[in-house]
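Inspection log for the structure reproduced underneath, given as structure tokens.
The values are calculated or read from the model by the stated rules, or taken from the named source; none is laboratory data. On a predicted model such as this, the values are computed, not experimentally measured, just so you know. When we count neighbours, we look across all protein chains shown, and the Cβ atoms used for this are built from the backbone with ideal geometry, even at glycine.
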Amino acid sequence: MTEKDKLTTEWTGHDLYDLDGDKIGTVEDVIYGDATGGLKWLVVETGLLGLKKIMVPAGEVRRSGDRLSVPHTKDRVKAAPKVDDEQALTQADESKLCRYFGLQYAGATDPSADGCEDMTDIRPAG
């Protein structure tokens with residue numbers, strides 16, 4: 001089993017909770033960066049039948065045992081910008097998602113990077 005397979009197994013199937021402890025959805029898949037190969041995004045199924053999918057920056061997720069949580073409200077996460085194909089994120093998609101969550105797109109400062117990184121001068125809207 002590769003390291004990616006092991007990480008995918010550790011994350012998928014777990015519920016994701018917001019900062020208030022409310023369930024947002026269930027992690028369906030993980031996305032790795034093309035440039036670095038590191039874990040960058042979680043694909044989370046939401047809604048009554050899990051038909052809606054949202055992307056959450058993996059660096060924002062905190063794990064305590066089997067519980068995964070993010071430092072955002074459920075409504076904020078569910079209102080994240082949608083992408084056409086979560087398996088083929090464009091730089092524009094990643095940049096838009098990073099900024100939405102108050103982070104900087106890593107590829108903006110280093111073309112060989114991907115995913116989000118902390119940014120002190122931008123705060124999440126709303």
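Quick notes on this structure:
- All positions within segment 65-94 that are of a type in the set (S, T, N, Q) and over 12 Å from the mean Cα position of the chain (by Cα): Thr73, Gln87, Thr90, Gln91
- If you go through segment 75-92 and keep only what is of a type in the set (Asp, Glu) and free of Cβ contacts under 8 Å to residues at least 24 places away in the same chain, you end up with Asp75, Asp84, Asp85.
- Qualifying residue in segment 17-28 (condition: part of a loop (DSSP other than H, G, I, E, B) and either crowded, with 17+ Cβ neighbours inside 10 Å or at pLDDT below 90 (or both)): yes
- Restricting attention to segment 96-114, the residues that are small (Gly, Ala, Ser) and either buried (at least 18 other Cβ atoms within 10 Å of the Cβ) or under 18 Å from Glu45 (Cβ atoms) (or both) total 3.
- Listed by first and then second residue, the pairs linking a residue in segment 100-117 that is free of Cβ contacts under 8 Å to residues at least 12 places away in the same chain to a residue that is in a helix (DSSP H, G or I) and crowded, with 22+ Cβ neighbours inside 10 Å, with Cβ atoms under 9 Å apart and 6 or more places separating them unless they lie on different chains, are Ala106/Glu94; Ala106/Cys98.
- Failed criterion for Asp118 (all others in (1) of a type in the set (Asp, Glu); (2) within 20 Å of Leu51 (Cβ to Cβ); (3) modelled with pLDDT under 80 hold): (2)
- Any hit, segment 67-81, residues being touching a helix residue (DSSP H, G or I) at 6+ places or on another chain (Cβ under 6 Å), modelled with pLDDT of 90 or more, closer than 13 Å to Leu97 by Cβ and surrounded by fewer than 16 Cβ atoms within 10 Å (Cβ to Cβ): yes
- Total residues in segment 82-101 satisfying the condition of being at pLDDT below 90, part of a loop (DSSP other than H, G, I, E, B) and not acidic (Asp, Glu): the figure is 4.
- Single condition Thr2 does not satisfy, out of (1) polar (S, T, N, Q); (2) under 19 Å from Gly107 (Cβ atoms); (3) at pLDDT below 75: (2)
- Number of positions in segment 31-64 that are crowded, with 18+ Cβ neighbours inside 10 Å and at pLDDT below 75: 2
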